[in-house]
Amino acid sequence: IVPIPGTKRRTHLAENMAAVDIELSAADVTRIGAAVKPDAVSGTRYPEKQLGGLGI
């Protein structure tokens, strides 16, 4: 898991950067993998109105 900071405040940036120090065990990774299936996509990426503007 890689944090992707999108923040306006230094305190939030510090929190995001601290995430690199978190170590996940094999059991943690297994539990996360079971909860988040990569092929279980639901819905569209953009609302219908925006799709027209994208030419999709």
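For the chain, the spread of Cα positions along the three principal axes, ordered from largest to smallest, is 43, 33, 12 Å. In the chain, helical runs assigned H by DSSP with n ≥ 4 each contribute -39500 (n - 2.57); averaged across all residues and rounded to the nearest 500, the mean residue ellipticity at 222 nm is -13000 deg cm²/dmol.
Extending 7 Å from the Cα toward the beta-carbon at both Tyr46 and His12 defines two label points whose distance is 2.4 nm. Compute the long axis of helix 26-35 from its Cα atoms, compare it with the longest principal axis of the Cα atoms of the chain, and write down the angle in degrees, 0 to 90, nearest 10. Value to nearest ten degrees: 20.
Every number in this text was worked out from the coordinates using simple rules, so none of it is lab data. As the structure is a computational prediction, the values presented were derived from the model and not from experiment. Note: ideal-geometry Cβ built from the backbone for every residue, glycine included; neighbour counts use all protein chains shown.
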